[in-house]
Structures are given as C-alpha cells and as structure tokens.
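Read through the structure below, which is laid out as structure tokens, and then see the notes.
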Amino acid sequence: MSKDESTSQQSTAAQDDDEPDEWDKRIFSTGCADENAKLTDCYYEKKDWRACKKEMEIFKACWKKHNNDQRTSMKDVKDA
C-alpha cells in the first residue's frame, strides 16, 4: 500500500468516526445529550457516582422536562 493510499484510508476512517452511531442518535433524541455528557465526564474523572450528585440531578431534571420518564417507563425512587 502506498503512502497516499494509507493517508486516504485514515482520512476516510476519521470521517466515518465523526458520524453519530446508534447510541449517539438515541442519546441525542432524549434532548439531554449535554447533561449526559457532563454526567459521564464527572464519573470518568471521579470514578464514583456519589461524587456526581449535582450532575445526576441536572440530568434527571432534563430527563423529566423532556418526558423521557414516560417514554422509558422510568419510576421515581424515593430516598429511604
């Protein structure tokens, strides 16, 4: 394979990777993609969901605002 062919294939692969996959499409359809990203980033950084309560509350509020709880049959769980 020539250098030009290799560069061309890498460029095509990078373009394909920029396309939203099924997971991305599903998250974007919720209307809460930014909130999801912030929550995921928080967990990645802290490795503990308990340290991300603020981000979780923001995500939950967005989820309810967009009526996703009805779409997924999500039920509120009350703190005991």
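Bear in mind that the values in this text are calculations on the coordinates, not laboratory data. Note that the coordinates shown come from a computational prediction; the quantities given were computed from them, not determined experimentally. Because the Cβ atoms are built from the backbone with ideal geometry, glycine has one as well, and the counts that use them run over all protein chains shown.
Counting Lys +1, Arg +1, Asp -1, Glu -1, what net charge surrounds Lys38 among other residues with beta carbon under 11 Å of its beta carbon?
Taking every Cβ under 11 Å from that of Lys38, the sum is -4.
What percent do you get for the relative contact order of the stretch 21-71 when only Cα pairs under 8 Å and 6+ apart count? Could the numbers behind the result be given before it?
Working: 29 pairs, mean separation 19.8, N = 51.
Relative contact order of the stretch 21-71: 39 percent.
Counting only residues 5 or more places away or on other chains, whose amide H sits under 5 Å from the amide H of Cys32 once H atoms are built in the peptide plane?
none
What shape does the stretch 21-71 have by the C-alpha gyration tensor, where a ≥ b ≥ c are the square roots of the eigenvalues, rounded means a/c under 1.5, and otherwise prolate means a/b greater than b/c and oblate the rest? Working shown, then result.
On the way: a/c = 2.79, a/b = 1.41, b/c = 1.98.
Oblate is the answer for the stretch 21-71, as a/c is 1.5 or above yet b/c matches or exceeds a/b.
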